[in-house]
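The values are calculated or read from the model by the stated rules, or taken from the named source; none is laboratory data. Predicted model only: the values in this text are computed from it and were never measured. Methodologically, a virtual Cβ is constructed for each residue, glycine included, from the backbone with ideal geometry; neighbour enumeration extends over all protein chains shown.
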Amino acid sequence: MMGKATFRSQQAKIKLFGLILIACVVSFFLLGSGRHTSPGSMLGAVAIASFGCLAIFRARGDAVRNAIGDAHHPTVARGKPSARPIGRRPAGSARSELSAALASCRSAFLAVGLFSGMLNLLMLAGSLYMLEVYDRVLPSRSLPTLVGISILLIILYCGQGFLDFVRARVLVRIGGALDEALGHRVYTSTLRLPLKAGREGDSLQPMRDLDSVRGFLSGMGPTALFDLPWMPIYLIIILMFHWVLGVTALFGAIVLVLLTLLAERLTRKPVSSATLSGNRRSGLITAGSRNAEVVAAMGMAGGLAARWEDANLEYIADQRKVSDVAGSFGAVSKVLRMLLQSSMLGVGAWLVIEEQATAGVIIAASIISGRALAPVDLAIANWKGFVGARQGWHRLSRVLAAMPAEAEAMLLPAPNANVMMHGAAIVAPGTQRLLVQDASFAMEAGHGLGIIGPSGSGKSTLVRALVGAWQPVSGRVKLDGADLDQWSSQERGRHIGYLPQDVELFAGTVAENIARFEPDADADAIIAAAKAAGAHELIVGFRQGYETEIGEHGEALSAGQRQRIALARALYRDPFLVVLDEPNSNLDMDGEQALIRAMLGVRERGGVVVIVAHRPNVLTAVDFVLAMNQGRIHDFGPKDEVFAKMFPTLRPVPAAGPTLRVAAESGAPAVANGTEGGN
Ligand SMILES: Nc1ncnc2c1ncn2[C@@H]1O[C@H](COP(=O)(O)OP(=O)(O)OP(=O)(O)O)[C@@H](O)[C@H]1O
Ligand SMILES: [Mg+2]
């Protein structure tokens, strides 16, 4: 491996080499300033200077170094500009924001700008060669001159080709570097997007936007933008040949630039509407495939296909509009450019007849004018991508601004005393309607809370806020007196176990799911969690045990199996607060018993367990009850007190019904004063 010092000294040498090349060129111009310098030698000097700059940039910029260096190391070329692992970036680092990410490529952009400048100068070589051939070689019939300038031309073309090659590679790597810098941040934002914007917002959009920005940066579009500023210089050169030629070219340039601006105006709207209709269309596809069973069983394919067709037609129409505009402008600009080139020849011929210019001048001017307007052509051809990338950029900026990277939170001690909700008002993300209002309760360590209430009364909403998945619009949720947002979400997650009502497992093995996809998961902790959930026997019963692949959404498991594995995931690494939203809806008797044991286990080790339950059996494991009704806490207190208030007439009759049996089972006096530490 190359030592750091050796690397530094190599960099210094390369830099020095570059500087010497540039110094040579500068001194060449200074020394030659008194004498006549031919355009050919000037271009040669430019070529040498460009290699000097290339050397300096190679020593400086990462992306540039990669682009040039990769030519010899194709394995590195496959989009890995640095070996830094993306997932390990510290949360909240300021450099992860969009503009900062682009700013970090500043030196690479500078290099692209400089290369573009040199390329544009070198591109004059062809026309100057023609000028020399017509005006010098042919009249003098000098073969040595022809050979000399031809060799020079070949060298210049090679230099031009190399610069072009490096410029394209640098741009691809800028796109890659941007993606690398932002990919992790954008992905974590998409994970939080549904919690901010609701399900309405397409959570795939930020990734698509990043893709379109990277795609644009890596394509031909930016080269057109970098070449555009050179247009005036070409025009000035033509003006130097003859003012009439200059004015003709200027007129053509103005028309083409106006055309570009018009293309911009006309494509903006269809591009954004194509994005919307595209999202609607892909939303229908994912929804359809997610619910394939329902669709097949009830023959809904026809209806869904009709809906999709509508969306698809709209999308295709939007796309067609964009392509039509881009295509027609492309055709017009091409014709105009050819027309301009020919008019340059015509005007030039007229000037020759009037003896105001030489034949070489008209051909050179015609070629230069074509060259001057080529970037406009390219820009118009790439305008669709540019508008798409720009809109994506703005959308992405808005998403990242709305979801700032988490600040590095102070490491708090693990909670072990209590959990509290105070005056919480909760709305669903992206909506305004209050689903739960004025919710207050507190639970001490070692206790269990059962949340009951009719469907739609806000039980799941309440526990979503309790685990920090949804943020209450007012009021607070605290663990050991500290607001939930004082923890980083990762740190908080260690102290919370949550089993949602709709169990969602991820594609991966059973062990990975239980370990919450922790990179350094501990096998003992996984098995302990499975045992605590009473799922160990179930899991080892699978053919591949803990290594069983459970497929997308855990589809390889039955609903009850999923619930038990999700329970193990909630219990992984003994979190302080365990919240279970109807964990028994698919459980058999065994499963329910295991669940009750798991809940008692949590209480015994000094945790707090909260369970939302319709079926009352599991309430034997709790000592407090919270009854929800129409989004409000109707009652909260020790279990038997609440039940006594709710069912006063039934109370004296033991074990008469499920609800009553719970009340009877829980009737230990210790529960009432809240001192029971487990059963
Ligand atoms: N994502 C959401 N967006 C908008 N409204 C929602 C959302 N989730 C729930 N609601 C509304 O909030 C209310 C309470 O829903 P919640 O899921 O909390 O009820 P629940 O008590 O858990 O019912 P169940 O016993 O059926 O699970 C319902 O009226 C529901 O329509
Ligand atoms: Mg619910």
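A few points about this structure:
- A Cβ distance below 7 Å, combined with a sequence gap of six or more or placement on separate chains, defines the contacts here; from region 628-641, residues that are without any contact (Cβ under 8 Å) to a residue 24 or more places away in the chain reach residues that are within 12 Å of ligand 1 (Cβ to nearest atom) and small (Gly, Ala, Ser) in the pairs ASP635/ALA627.
- Failed criterion for LEU217 (all others in (1) closer than 30 Å to PHE329 by Cα; (2) of a type outside the set (D, E, K, R); (3) surrounded by fewer than 21 Cβ atoms within 10 Å (Cβ to Cβ) hold): (3)
- Here VAL578 clears all of (1) in a strand (DSSP E or B); (2) farther than 19 Å from ILE451 by Cα; (3) not basic (Lys, Arg) except the condition numbered (2).
- Search result, residues across region 593-623 that are among the charged types (D, E, K, R) and either within 16 Å of ligand 2 (Cβ to nearest atom) or surrounded by fewer than 18 Cβ atoms within 10 Å (Cβ to Cβ) (or both): ARG597, GLU604, ARG605, ARG615
- Answer residue from region 539-565, given it is among the polar types (S, T, N, Q) and closer than 26 Å to GLU604 by Cα and is surrounded by the fewest Cβ atoms within 10 Å (Cβ to Cβ) among those: GLN561
- Counted as qualifying within region 500-558 are the helices (runs of 4 or more DSSP H) with 1 or more residues that are basic (Lys, Arg), under 28 Å from ALA613 (Cα atoms) and free of Cβ contacts under 8 Å to residues at least 60 places away in the same chain, namely 523-532.
- Criterion violated by ILE452 - all others in (1) without any contact (Cβ under 8 Å) to a residue 60 or more places away in the chain; (2) in contact with a His (Cβ under 9 Å, 6 or more places away or on another chain) satisfied: (1)
- Single unsatisfied condition, SER127 versus (1) modelled with pLDDT of 85 or more; (2) of a type in the set (Ser, Thr, Tyr); (3) buried (at least 18 other Cβ atoms within 10 Å of the Cβ): (1)
- Every residue from region 467-487 that is away from ligand 1 (no atom under 12 Å from the Cβ) and either part of a strand (DSSP E or B) or of a type in the set (A, V, I, L, M, F, W, C) (or both): VAL467, VAL473, SER474, GLY475, ARG476, VAL477, LYS478, LEU479, ALA482, ASP483, LEU484, TRP487
- Exactly one residue out of SER366, SER397, SER342 is closer than 30 Å to GLU97 by Cβ and among the hydroxyl-bearing types (Ser, Thr, Tyr), and it is SER397.
- Exactly one residue out of GLU491, GLU512 is modelled with pLDDT under 90 and acidic (Asp, Glu), and it is GLU491.
- Every residue from region 486-500 that is surrounded by fewer than 15 Cβ atoms within 10 Å (Cβ to Cβ) and under 19 Å from ASN584 (Cβ atoms): none
- Residues that are more than 16 Å from ligand 2 (Cβ to nearest atom), without any contact (Cβ under 8 Å) to a residue 60 or more places away in the chain and closer than 17 Å to VAL622 by Cβ, drawn from region 559-584: none
- A single entry from ARG476, ARG398 fulfils the requirement of being free of Cβ contacts under 8 Å to residues at least 24 places away in the same chain and away from ligand 2 (no atom under 16 Å from the Cβ): ARG398.
- The criterion of at least 2 residues that are within 16 Å of ligand 1 (Cβ to nearest atom) and over 26 Å from LEU191 (Cα atoms) is met, among strands (runs of 3 or more DSSP E) falling completely within region 382-454, by 434-444, 448-452.
- Flag if ALA414 is aliphatic (A, V, I, L, M), more than 16 Å from ligand 2 (Cβ to nearest atom) and loosely packed, with under 15 Cβ neighbours inside 10 Å: yes
- Qualifying residue in region 481-492 (condition: out of contact with any Gly (no Cβ under 6 Å at 6 or more places or on another chain), within 22 Å of LEU411 (Cβ to Cβ), within 16 Å of ligand 2 (Cβ to nearest atom) and in contact (Cβ under 8 Å) with a residue 12 or more places away in the chain): no
- Inter-residue pairs, beta-carbon under 7 Å, first at positive phi and in region 147-163, second in a helix (DSSP H, G or I), 6+ apart: none
- Boolean, ASP590 is modelled with pLDDT of 90 or more and not polar (S, T, N, Q): no
- The condition of being surrounded by fewer than 16 Cβ atoms within 10 Å (Cβ to Cβ) and touching a Lys or Arg at 6+ places or on another chain (Cβ under 9 Å) holds for only one of ASN586, ASN513, that being ASN586.
- Taken over region 442-464, the criterion of being away from ligand 2 (no atom under 13 Å from the Cβ) and at negative phi is satisfied by ALA442, MET443, GLU444, ALA445, HIS447, GLY448, LEU449, GLY450.
- Where helices (runs of 4 or more DSSP H) fall wholly inside region 205-291, the ranges with 3 or more residues that are farther than 28 Å from GLU180 by Cβ and modelled with pLDDT of 85 or more are 231-241, 243-290.
- Hits in region 585-595 - residues which are assigned to a loop (DSSP other than H, G, I, E, B) and either touching a residue at least 40 places away in the same chain (Cβ under 8 Å) or over 37 Å from the mean Cα position of the chain (by Cα) (or both): SER585, LEU587, ASP588
- Any hit, region 335-349, residues being part of a loop (DSSP other than H, G, I, E, B) and surrounded by fewer than 20 Cβ atoms within 10 Å (Cβ to Cβ): no
- Of all the numbered requirements in (1) surrounded by 15 or more Cβ atoms within 10 Å (Cβ to Cβ); (2) assigned to a helix (DSSP H, G or I); (3) more than 16 Å from ligand 1 (Cβ to nearest atom); (4) in contact (Cβ under 8 Å) with a residue 40 or more places away in the chain, THR461 misses one, and that requirement is (3).
- Any hit, region 530-538, residues being of a type outside the set (Ser, Thr, Tyr), crowded, with 20+ Cβ neighbours inside 10 Å and farther than 18 Å from ASP574 by Cα: yes
- Residue count for region 172-214, restricted to those that are touching a Ser or Thr at 6+ places or on another chain (Cβ under 6 Å) and farther than 26 Å from ALA469 by Cα: 2.
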